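The values are calculated or read from the model by the stated rules, or taken from the named source; none is laboratory data. Just so it is clear, the structure is predicted and the values come from calculations on it, not from any experiment. Cβ atoms come from the backbone with ideal geometry, glycine included; neighbour counts cover every protein chain shown.
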Ligand SMILES: NC(=O)c1ccc[n+]([C@@H]2O[C@H](COP(=O)([O-])OP(=O)(O)OC[C@H]3O[C@@H](n4cnc5c(N)ncnc54)[C@H](OP(=O)(O)O)[C@@H]3O)[C@@H](O)[C@H]2O)c1
């Protein structure tokens, strides 16, 4: 079968290590299932793998891709929970299992016709969503869900700042926070993305670093160095910044005096549990929320989707079809 495979790592030219090639079809060991993929979605995580960040070179080649919706061996429409881990090893939370892995870290990923995953990682696709929309949920949307509701404990009426409005996690956070009754403020480098965020339900959209009309209870941070100072300055005393990524750089000044004097809470977040995924799927169905898709491409054009991601052109997700 045709697959997009990470074969080399290069921090400066990550796409040079992504090859379309034929790979053997997977066979399911006991307790696992093979899913025929209808749609898969791109994540920044795939670019980190190709750059050699967080993914040892001895785990190459590997089929890339963490997100998928498709059809299981019994003909059911499914969406794949991408965290492969043991809840018991993580004190009841598989994201805290020291041995956990996201699809494409230790097991072949979803940019292919078929993917093999543990049966417990298959969940029914929400009937209200297309396969393309459902494929956006496992990484970006589940990460945003956990950031807002498990980590920051968002309450209706809270004010939320989402940094970098165009991103996959960011567009999910805007929609979920709005759906939960929060006021949403956003920043983006691009005027077009700020306008799109207002369409998605954000109250206020400003340039990166610009002052907000009021301070917020929660900040959703995936941008890192470029926005960190603004995130801390935008928080009310006692507020929470949840960080799940640092696309623009990992080491901004910590500004410790602000953190302790204003009793701010800084929380890390990664992925989400199966139980959180079940709740997310119910939430999008019940609230009538649909993921924002920037473009849909055939697998053979996956490089152009990643190029748009690297160039910061996207508002929402890039989806690929395996055929
Ligand atoms: N911990 C986890 O479980 C987890 C899960 C998902 C993602 N992540 C991480 O979160 C980050 C975003 O992932 P994604 O898939 O949402 O990526 P994406 O869709 O490509 O979004 C990239 C984001 O970065 C912003 N951005 C990039 N460079 C910037 C700069 N120099 N200044 C300001 N903003 C900048 C963009 O904002 P604008 O273009 O709107 O300004 C946009 O929000 C990645 O680092 C990823 O690895 C972590």
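Structural remarks
Residue-wise test of (1) assigned to a strand (DSSP E or B); (2) out of contact with any helix residue (DSSP H, G or I) (no Cβ under 7 Å at 6 or more places or on another chain); (3) on the phi > 0 side of the Ramachandran plot; (4) touching a residue at least 12 places away in the same chain (Cβ under 8 Å).
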position: 254; (1), (2), (3), (4): no, yes, no, no
position: 257; (1), (2), (3), (4): no, yes, no, no
position: 267; (1), (2), (3), (4): yes, no, no, yes
position: 278; (1), (2), (3), (4): no, yes, no, yes
position: 297; (1), (2), (3), (4): yes, no, no, yes
position: 300; (1), (2), (3), (4): no, yes, no, yes
position: 306; (1), (2), (3), (4): no, no, no, yes
position: 319; (1), (2), (3), (4): yes, no, no, yes
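- Residue check, residue 302 in contact with a strand residue (DSSP E or B) (Cβ under 8 Å, 6 or more places away or on another chain), modelled with pLDDT of 95 or more and surrounded by fewer than 18 Cβ atoms within 10 Å (Cβ to Cβ): no
- Scanning segment 225-239 for residues that are touching a strand residue (DSSP E or B) at 6+ places or on another chain (Cβ under 8 Å) and either under 14 Å from residue 164 (Cβ atoms) or more than 16 Å from the ligand (Cβ to nearest atom) (or both) yields 227, 228, 230, 231, 234, 235, 236, 238, 239.
- Within segment 176-196, tally of residues that are in a strand (DSSP E or B) and near the ligand (Cβ under 9 Å from one of its atoms): 3
- Within segment 150-172, residues that are in contact (Cβ under 8 Å) with a residue 60 or more places away in the chain and within 14 Å of residue 190 (Cβ to Cβ) have Cβ atoms under 9 Å from residues that are more than 11 Å from the ligand (Cβ to nearest atom) and part of a strand (DSSP E or B) in these pairs: 163/219, counting only partners at least 6 apart in sequence or on another chain.
- Test for residue 139: is it touching a strand residue (DSSP E or B) at 6+ places or on another chain (Cβ under 6 Å), within 11 Å of the ligand (Cβ to nearest atom) and part of a helix (DSSP H, G or I): yes
- Residue within segment 229-237 that is modelled with pLDDT of 95 or more, in a loop (DSSP other than H, G, I, E, B) and out of contact with any helix residue (DSSP H, G or I) (no Cβ under 8 Å at 6 or more places or on another chain) present: no
- Residues (over 20 Å from the mean Cα position of the chain (by Cα) and touching a residue at least 40 places away in the same chain (Cβ under 8 Å)) located in segment 191-234: 192, 205, 208, 212, 214, 215, 216, 217, 230, 234
- Taking the conditions (1) under 24 Å from residue 141 (Cβ atoms); (2) surrounded by 14 or more Cβ atoms within 10 Å (Cβ to Cβ) in turn, residue 17 satisfies each one other than (1).
- Search result, residues across segment 197-208 that are within 25 Å of residue 238 (Cβ to Cβ), out of contact with any helix residue (DSSP H, G or I) (no Cβ under 6 Å at 6 or more places or on another chain) and either more than 9 Å from the ligand (Cβ to nearest atom) or in a helix (DSSP H, G or I) (or both): 203, 204, 206
- Of all the listed residues (31, 65, 52), the sole one being at positive phi, within 16 Å of the ligand (Cβ to nearest atom) and in contact (Cβ under 8 Å) with a residue 60 or more places away in the chain is 65.
A quick yes/no check of all residues on (1) within 12 Å of the ligand (Cβ to nearest atom); (2) in a loop (DSSP other than H, G, I, E, B); (3) surrounded by 13 or more Cβ atoms within 10 Å (Cβ to Cβ):
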{"site": "210", "(1), (2), (3)": "no, yes, no"}
{"site": "213", "(1), (2), (3)": "no, yes, no"}
{"site": "219", "(1), (2), (3)": "no, no, yes"}
{"site": "246", "(1), (2), (3)": "yes, yes, yes"}
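- The single residue among 142, 103 that is within 23 Å of residue 176 (Cβ to Cβ), in contact with a helix residue (DSSP H, G or I) (Cβ under 9 Å, 6 or more places away or on another chain) and free of Cβ contacts under 8 Å to residues at least 60 places away in the same chain turns out to be 103.
- Matching residues in segment 162-190 - criterion: being under 22 Å from residue 232 (Cα atoms) and more than 17 Å from the chain's Cα centre (by Cα): 178, 182, 183, 184, 185, 186, 187, 188, 189, 190
- Every test in (1) under 16 Å from the mean Cα position of the chain (by Cα); (2) not in a helix (DSSP H, G or I) is passed by residue 150 save one, and that test is (2).
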